1. What shape does the range B:43-82 have by the C-alpha gyration tensor, where a ≥ b ≥ c are the square roots of the eigenvalues, rounded means a/c under 1.5, and otherwise prolate means a/b greater than b/c and oblate the rest?
2. Taking springs between alpha-carbon atoms closer than 10 angstrom, which of A:44, A:83, A:69 fluctuates most in the Gaussian network model of chain A?
3. Pick out which of B:51, B:63, B:40 has the largest mean-square fluctuation in a Gaussian network model of chain B, springs linking Cα atoms closer than 10 Å.
4. Near residue B:81, within a Cβ-to-Cβ distance under 15 Å, what is the net charge of the other residues, with Lys and Arg +1 and Asp and Glu -1?
5. Between the range A:37-115 and the range A:1-29, what is the C-alpha centre distance in whole Å?
6. Counting only DSSP beta bridges with both residues in the protein assembly as shown, what percent are antiparallel, rounded to the nearest 5?
7. Would you order B:36, B:44, A:63 from fewest to most other beta-carbon atoms within 10 Å of each residue's own beta-carbon?
8. Of A:34, A:103, A:21, which has the largest mean-square fluctuation in a 10 Å C-alpha GNM of chain A?
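Nothing in this text is a laboratory measurement; each read-out follows from the coordinates by a stated rule. Keep in mind that what you see is a predicted model, and the values were worked out from it rather than measured. Ideal geometry is used to build each Cβ from the backbone, glycine not excepted, and the neighbour counts take in all protein chains shown.
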Amino acid sequence: AQTVTQSQPEMSVQEAETVTLSCTYDTSENNYYLFWYKQPPSRQMILVIRQEAYKQQNATENRFSVNFQKAAKSFSLKISDSQLGDTAMYFCAFMKSGSARQLTFGSGTQLTVLP
Amino acid sequence: NAGVTQTPKFQVLKTGQSMTLQCAQDMNHEYMSWYRQDPGMGLRLIHYSVGAGITDQGEVPNGYNVSRSTTEDFPLRLLSAAPSQTSVYFCASSMEGARTGELFFGEGSRLTVL
């Protein structure tokens, strides 16, 4: 079984600054995917970024990028130029390749962007 | 685009009552799943389906039943509600060939069991 750990229950950042959210995972699988999902106060779950484990290059999506360290089983999310709309709960998630879309989520990090 | 639609959005039950959370998607997605979200625990998989007529258990299936008679619908049934089932429930769908792992979530259903 896989586990996903987010050790920062809450974080805050000033608007326009950069913040990094941490995530570690444990698995014996070699082929898998990692994700960051965002849940704003509306409760809607939104995919922010995804990373295939077989790719060495770190994924980027506009202001969002990841630092994927496969050997260390670490998958952090960096948000650059933070905006008020980034205030949300962020979940790290793991999916084994071929697992019919079964995701294992971490406990989440509540990020608050301060004006 | 309706996407994934969950009903009801809020529900209060008494212990022992039964109810069904409805989930419908209009994107012809093969995969559908139910998660529950509890404070400090993230989302946990209850049941999932890879297509009409095929369902399987996730991490926390006890106390819940599902069926998938059509591609569009994936209802979650609580046969005898317990206070431990107080939670926010999310239905999600995904399709083969899409960005792998990208789930489309409903808006959630908040259930309180007294």
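1. Note, shape of the range B:43-82 comes out oblate.
2. Among A:44, A:83, A:69, the largest GNM mean-square fluctuation belongs to A:44.
3. Result for chain B, Cα springs under 10 Å: B:40 fluctuates most.
4. +4
5. 8 Å
6. Values: 68 of 77 bridges.
Within the protein assembly as shown, antiparallel bridges account for around 90 percent of the total.
7. On the way: B:36 24, B:44 17, A:63 14.
The most exposed by this proxy come first: A:63, B:44, B:36.
8. Answer for the Gaussian network model of chain A: A:103.
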